[in-house]
Amino acid sequence: MEKSNSCCKKHLVLVHGACHGAWAWYKVKPLLEAAGHGVTVLDMAASGIHPKKIHDLQTIHDYSEPLIQLIASLPDDQKVILVGHSLGGINLALVMEMFPHKIEIAIFVTAFLPDTQHTPSFIFDQFVTRLAGGGESYWLDTKFEGSGDPKETLTTMLFGPQFLSKRLYQFSPPEDFELAMTLKKTSSLFLHDLWKSEAKLTKERYGSVRTVYVICDQDQGILVNFQRWMIQNHGVKEVKELKGSDHMPMFCMPKKLCDCLMEIIAQK
């Protein structure tokens, strides 16, 4: 883990998506640091080199524990900028609700973006019903495993090479695709946990944090129409767009992503 430097302009915390880890930010982190910012990259629980296994986890809170611990450890007079990618948007939403006073900006990069009118599971329900081509054909060779009723028990998923190449990495360098093939780990959307919860995110806490959405217009993982629907559903006013980016802008256009983040930070 990287500690923030007191002389840096801002402290950014970068949160990866499903089946990935802190390693996903290896191109973006040094660019942000070269610009003078402090950067923390985290493995969510059971991701990257985090020691827990996916079956050790039962809830999205369990999965988010490294991020929760980090934000909880910050002094009350320190704020961070959160950047969440893909599933990482749910991690962001959780800590925004818990620690709104410690978060200066929450930046959702082609990420799942819950609202305050419904429970967070609503976003995933809508995602599944709106999938282009329908359920199984969308997921290609992704492997799902569960031990019972998916509404009651953990269902795990592991992206296969076809899903990675056709849905997520189609414009990213082949070296980064190979990196993902080597380092990917079994993950989960924790739908059984989200479906059970009747708690909604609040306007007073989650909704009080400055929120920015970064669209990736060639994303085949979270299609651009669904990204725009989430933006409208949430009511986000600040929106940026990375034209020509697949689902993994940190690999296919790291410099443009870094420039976009710095532009957001510079705006008041």
(request) Along Cα→Cβ, 7 Å out, is where each label goes; now give me the distance between the ones at residue 23 and residue 152 in nm to one decimal. (result) 3.7
(message) Place a point 7 Å from Cα of residue 34 in the direction of its Cβ. Which residues in segment 230-254 have their backbone N less than 20 Å from it?
(response) 249-254
(request) For residue 39, enumerate residues with amide H under 5 Å from its amide H, sequence gap 5+ or separate chain, H modeled in the peptide plane. (result) 5, 12
(request) Any aspartates and glutamates with Cα under 19 Å of the residue 255 Cα? List them, leaving off those in the same chain fewer than 8 positions away. (result) 33, 175, 176, 217, 219, 241, 246, 263
(message) Taking the number of other C-beta atoms within 10 Å as the exposure measure, put 163, 127, 108, 144 in order starting with the fewest.
(response) 144, 127, 163, 108
(request) Once you have a ≥ b ≥ c as the square roots of the Cα gyration tensor eigenvalues for segment 133-186, tell me rounded if a/c is under 1.5, and otherwise prolate or oblate according to whether a/b is larger than b/c. (result) oblate
(request) Taking H placed 1.01 Å from N in the peptide plane, check which residues at least 5 places from residue 155 or on another chain put their amide H under 5 Å from its amide H. (result) 190, 191, 192
(request) Quick one: order 57, 31 by neighbouring beta-carbon count within 10 Å, fewest to most. (result) 31, 57
(message) Quick check on segment 11-266: of the DSSP beta bridges with both residues there, what percent are antiparallel, nearest 5%?
(response) 15
(request) Please work out how much length the chain gains when fully extended from residue 137 to residue 267, using 0.36 nm per residue of separation minus the C-alpha to C-alpha distance, in nm with one decimal. (result) 42.7 nm
(request) Run the quick spin-label model on residue 241 and residue 175: label points 7 Å from Cα toward the beta carbon, then report their separation in nm to one decimal. (result) 3.1
(request) Determine ³J(HN,Hα), in whole Hz, for all residues of segment 49-63 in sequence, where each value follows from phi through the Karplus function 6.51 cos²θ - 1.76 cosθ + 1.60 and θ = phi - 60°; x replaces Gly and Pro. (result) 9, 4, x, 6, 9, 4, 6, 6, 9, 10, 9, 5, 5, 4, 5
(message) Could you give each residue of segment 27-35 its phi-based ³J(HN,Hα) in whole Hz, using Karplus coefficients 6.51, -1.76, 1.60 with θ = phi - 60°, and x for Gly or Pro?
(response) 8, 7, 4, x, 5, 5, 5, 5, 7
(message) Between residue 198 and residue 129, what is 0.36 nm times their sequence separation minus the Cα-Cα distance? Round to one decimal in nm.
(response) 22.8 nm
(request) In a Gaussian network model over the chain where Cα atoms closer than 10 Å are linked, find which of 146, 48, 17 has the largest mean-square fluctuation. (result) 146
(request) Please say if segment 1-159 is rounded, prolate or oblate, where rounded means a/c under 1.5 for a ≥ b ≥ c the square roots of the C-alpha gyration tensor eigenvalues, and otherwise the choice is prolate for a/b larger than b/c and oblate otherwise? (result) prolate
(request) Label segment 11-266 by shape, choosing from rounded, prolate and oblate, from the square roots a ≥ b ≥ c of the eigenvalues of the Cα gyration tensor; if a/c is under 1.5 it is rounded, and otherwise prolate applies when a/b is larger than b/c, oblate when it is not. (result) rounded
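Here, each number is a calculation from the coordinates, and none is a lab measurement. Please read all numbers here as calculations on a predicted model, not as lab measurements. Cβ sites come from the backbone with ideal geometry, for glycine too, and all protein chains shown count toward neighbours.
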